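Comments concern the structure below.
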Amino acid sequence: MGIINRAIRNISRRKIRASLVIIALAFSMAILVSIPAGVVANQKSANDLANNLSNTIGQTGETINQTLNQIDCSLAPSFSGFGFRAADAGTFTPGQGGIGGTRSGGFDPNQFGGGTVGGQFGGGPFGGGEASPMNQTLYNDINNSISGVAAVEPILQASEGSNETVSMFGRTFTRQLTSYTIEGIPLTSDLIDNYPVLSTNVTAGRNLKAGDSGVVLLSENNSAYFGVGVGDTVSILGQGFTVVGIHGTSSASDRLVLYMNLSDAQAVTNNTGYITSLRVFTQTSDLVTQVSTAISTLHPELTVTTGQERLTQLDSLQSTYNTALESAQASIGQTQTTALEEIIVVVAATSLIVLFVMLYTVRERTKEIGTLKAIGFSNSSVMGQFLLEGVLLSVIAGAVGIAIGTLAAPTLSALLLPSVNLFGVTGVRVASNVASTAVVSVNLEIVLLAFGASVALGALGSLYPAWRAAKIRPAEAMKYE
Amino acid sequence: MSKPVLQIENLSKNYMLGKREVSALKNLNLTVNAGEFVAIMGPSGSGKTTLLNVIGCIDKPTSGQVLLDGIDVGKMPENQLYKIRRDKMGFVFQTFNLLPYLNARENVELPMEGKGKSKAEQRKRASELLAMVGLSGREGHRPQRLSAGEQQRVAIARALANNPAFILADEPTGNLDSQNKAEIIKLLANLNLSQGTTIIMVTHDSQAANHTERMLLLKDGKIVKEKAGLHLAKKNNKCPNCGSSVQRTDEVCPSCKKPIFQTEELFST
């Protein structure tokens with residue numbers, strides 16, 4: 001009959017009491033498991049969002065730097081933010097609605113749409129929509145009458161897709177789900193050979209070449225969408241095109257873009273004579289301001305954006321991002337403080353529960369303890385017996401609590417931790433996994449820590465009761481009522 | 001003939017009762033030899049419980065000497081006294097004091113813990129002892145499934161576990177009906193006869209005491225009277241009723257035809 005066996009029997013002797021105590025302790029342990037898991041997830045979400053944002057800003061900055069000699073002109077609808085297509089070989093099309101327009105901007109709209117930050121990146125929740133078509137003759141005006149212009153690329157871009165209603169952050173949005181975007185560009189050797197007008201990442205077949213007609217370069221996404229490969233004929237808006245190549249995604253923005261000859265695009269979209277934007281390449285990047293001023297003077301109806309302006313906008317975005325990062329960090333800090341306070345309360349509560357239960361047990365079993373002393377048990381073996389009982393009780397509860405906590409961590413941490421303000425998306429609890437990339441989950445490290453804590457708290461709580469038990473005199477065995 | 005297992009010389013024990021000092025035991029002398037079956041009697045307040053506590057190493061003497069199996073326990077610290085209690089004496093309590101969540105065998109094994117015996121040895125010893133007290137076959141029963149008499153038998157087996165110098169019994173029949181009382185006294189007497197177990201029984205039950213071999217009467221902290229009990233005659237192979245020779249195994253005296261162990265006297269109360 002070992003000491004462990006006796007401890008187990010003593011605990012199971014009073015089933016209701018033991019169950020109640022175990023439930024109470026298990027609840028504490030579940031909280032002890034959930035809170036760190038919540039904090040870890042908050043931290044991870046913040047880090048992920050921060051990395052995502054800063055990567056995008058960095059990429060965008062790079063693209064802008066590479067395209068400083070470019071000026072984008074369009075007849076844009078009024079547009080509140082600034083949109084950009086992150087790395088489409090320098091294409092910058094405000095009217096296109098940036099991120100949202102093709103649901104493929106630099107940012108995942110699932111994370112940023114509709115939030116404060118989302119507003120920075122697109123006109124509406126998902127971008128500003130299509131640009132107004134303009135007469136292609138503008139091309140000749142700008143190409144011929146403004147000095148410093150090296151080349152002008154007229155572009156017709158049109159998207160096909162469906163509308164989808166989404167609920168996010170308690171608001172409902174209708175967003176355009178783009179199936180594919182047609183981009184028509186003039187396939188002249190001057191443009192193709194000297195300027196970044198096509199995808200630089202052809203993964204199958206060949207790229208478009210000068211003089212191509214009746215052919216398309218699909219994106220991998222397009223290829224899957226249409227179910228066609230190189231050499232196949234694809235039907236676009238009812239007209240057949242031969243797929244000559246497939247391009248990989250070089251940026252999120254060209255994920256859905258298929259390239260074809262400008263005149264083919266104009267014909268198939270019924271826009272003959274029209275384009276949606278002009279991209280002007282200046283002879284040198286220091287001519288950009290001069291050229292853009294000239295364009296604006298010549299055609300005040302055009303929205304003209306230079307690489308320099310885009311850099312300024314990016315700077316302002318960077319500072320917005322920095323502020324958001326600071327506030328997110330402060331918010332995380334607040335959460336950690338609260339978590340620490342709660343853990344202290346739970347730890348105190350757990351050891352107090354063990355303390356009171358074990359004190360009661362010792363008091364109740366005074367005679368039994370006296371008997372053990374009388375028949376030759378040492379103080380230390382009596383103390384060990386009660387310490388073990390307390391630890392065992394706590395460990396059983398710990399196992400139950402860890403199991404509960406592992407399952408209920410998202411709910412519990414959402415209840416116990418304050419809302420985290422991550423980059424302006426307020427009121428979103430990480431635990432509910434709305435705006436986060438990290439799910440609250442209990443890892444092995446937390447489980448081991450919690451298990452260790454249950455052993456330690458059991459021992460801590462039963463230390464005094466066990467000491468009291470050891471001090472009981474053998475004469476107690478001979479008190480008869 | 002036998003060596004003493006308990007030697008008490010000039011034992012005094014004083015208590016502070018509020019601001020008044022009360023003398024519970026006054027220069028008490030007592031020697032119990034191995035193999036004796038002794039009853040210590042006395043009315044309440046006579047110092048019985050104090051004497052029991054001193055012999056049981058629960059209380060320390062104010063003055064005088066207490067030798068248990070030749071060991072002076074009077075000045076011994078608690079971290080050694082538990083070993084004396086474990087190895088030199090076996091406690092039997094009025095209320096049996098079995099652990100309710102252990103079965104009979106496990107209760108008997110308890111004092112053997114910490115003696116370095118293997119589980120198998122403990123188990124074997126416990127089974128033997130339970131057989132000795134007439135409980136073979138009930139080893140797996142928990143106390144609540146045993147009668148009061150059976151519980152006290154388990155307690156006696158437990159007291160014998162470590163082969164102690166003597167059994168120290170505190171009113172062992174106090175919580176028993178007359179039939180069980182007779183059986184427990186008979187069991188103790190038989191253990192004393194057959195195993196040579198030394199028994200010191202503290203009781204205020206004169207009938208139970210009368211069945212020991214030596215009765216000591218305690219009054220005001222002193223032993224004031226000592227007389228032979230019925231058990232002495234039996235030990236000397238004499239019928240306690242008529243004095244003629246009997247065999248140890250005899251239940252009834254061949255001469256006077258009366259039961260040698262006069263349990264009917266216990267029954268009649």
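The values are calculated or read from the model by the stated rules, or taken from the named source; none is laboratory data. Just so we're clear, the structure is a prediction, and the values are computed from it rather than from any experiment. Using ideal geometry, Cβ is built from the backbone for each residue, glycine included, and neighbour counts are taken over all protein chains shown. Accessible surface areas use protein heavy atoms only, side chains included; no ligands, DNA or RNA. Shrake-Rupley method; radii C 1.70, N 1.55, O 1.52, S 1.80 Å.
Quick notes on this structure:
- Filter result for the condition that a residue is buried (at least 18 other Cβ atoms within 10 Å of the Cβ) and free of Cβ contacts under 8 Å to residues at least 60 places away in the same chain, over A:G405, A:G376: A:G376
- Pairs where the first residue, in the stretch A:151-163, is closer than 14 Å to A:S74 by Cα and the second is open to solvent by less than 10 Å² (accessible area, probe 1.4 Å) and of a type in the set (D, E, K, R), C-beta under 8 Å, 6+ apart: A:V152/A:R279; A:E153/A:R279; A:I155/A:E183; A:I155/A:R279; A:L156/A:E183; A:Q157/A:E183
- Within the stretch B:67-86, if we keep just the residues that are away from chain A (no Cβ under 14 Å) and over 18 Å from the mean Cα position of the chain (by Cα), the residue that is least open to solvent (accessible area, probe 1.4 Å) turns out to be B:G74.
- Any hit, the stretch B:89-96, residues being open to solvent by less than 40 Å² (accessible area, probe 1.4 Å), under 26 Å from B:S136 (Cα atoms), more than 7 Å from every other protein chain (Cβ to nearest Cβ) and of a type outside the set (A, V, I, L, M, F, W, C): yes
For every residue, the table says whether it meets (1) modelled with pLDDT under 90; (2) of a type in the set (D, E); (3) within 38 Å of the chain's Cα centre (by Cα).
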residue: A:G240; (1), (2), (3): no, no, no
residue: A:V243; (1), (2), (3): no, no, yes
residue: A:A252; (1), (2), (3): yes, no, yes
residue: A:M260; (1), (2), (3): no, no, yes
residue: A:A267; (1), (2), (3): no, no, no
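- Breaking point among (1) out of contact with any His (no Cβ under 9 Å at 6 or more places or on another chain); (2) more than 14 Å from chain A (Cβ to nearest Cβ); (3) open to solvent by 10 Å² or more (accessible area, probe 1.4 Å), for B:L25: (3)
- Close Cβ contacts (under 9 Å, 6 or more residues apart or on different chains) running from residues in the stretch B:64-86 that are farther than 25 Å from B:K26 by Cβ to residues that are open to solvent by less than 40 Å² (accessible area, probe 1.4 Å) and modelled with pLDDT under 90 comprise B:R85/B:I58.
- Selection count where residues are within 14 Å of chain A (Cβ to nearest Cβ), open to solvent by 50 Å² or more (accessible area, probe 1.4 Å) and of a type outside the set (K, R), scope the stretch B:121-135: 1
- Which listed residue, of A:G390, A:G384, is of a type outside the set (A, V, I, L, M) and either crowded, with 24+ Cβ neighbours inside 10 Å or in contact with a strand residue (DSSP E or B) (Cβ under 9 Å, 6 or more places away or on another chain) (or both): A:G390
- Test for A:L68: is it at pLDDT 80 or above, outside any helix (DSSP H, G or I) and of a type in the set (A, V, I, L, M, F, W, C): yes
- Residue pairs whose Cβ atoms lie under 6 Å apart, sitting 6 or more positions apart in sequence or on different chains, and linking a residue in the stretch A:2-22 that is in the same structural domain as A:L393 (by TED's automatic domain parsing) and among the charged types (D, E, K, R) to a partner that is modelled with pLDDT of 85 or more and surrounded by 14 or more Cβ atoms within 10 Å (Cβ to Cβ), are A:R9/B:Y101; A:R13/B:Y101.
- Listed conditions (1) in a loop (DSSP other than H, G, I, E, B); (2) modelled with pLDDT of 80 or more; (3) over 25 Å from A:V33 (Cα atoms) are all met by A:R468, apart from (1).
- Selected residue [assigned to a strand (DSSP E or B) and not charged (D, E, K, R)] from B:L99, B:L81, B:L51, B:L6: B:L6
- B:K60 without any contact (Cβ under 8 Å) to a residue 24 or more places away in the chain, basic (K, R) and more than 9 Å from chain A (Cβ to nearest Cβ): yes
- Residue match in the stretch B:136-151 (condition: open to solvent by less than 20 Å² (accessible area, probe 1.4 Å), of a type in the set (A, V, I, L, M, F, W, C) and within 14 Å of chain A (Cβ to nearest Cβ)): no
- Enumeration of residues in the stretch B:97-112 that are at the interface with chain A (Cβ under 7 Å from one of its Cβ atoms) and either touching a Ser or Thr at 6+ places or on another chain (Cβ under 8 Å) or free of Cβ contacts under 8 Å to residues at least 24 places away in the same chain (or both): B:N97, B:L99, B:E106
- Among the residues of the stretch B:152-171, the ones that are within 12 Å of chain A (Cβ to nearest Cβ), in a loop (DSSP other than H, G, I, E, B) and under 13 Å from the mean Cα position of the chain (by Cα) come to 3 in all.
- Taken over the stretch A:222-250, the residue count meeting the criterion of being open to solvent by 10 Å² or more (accessible area, probe 1.4 Å) and either within 16 Å of A:T200 (Cα to Cα) or of a type in the set (A, V, I, L, M, F, W, C) (or both) is 9.
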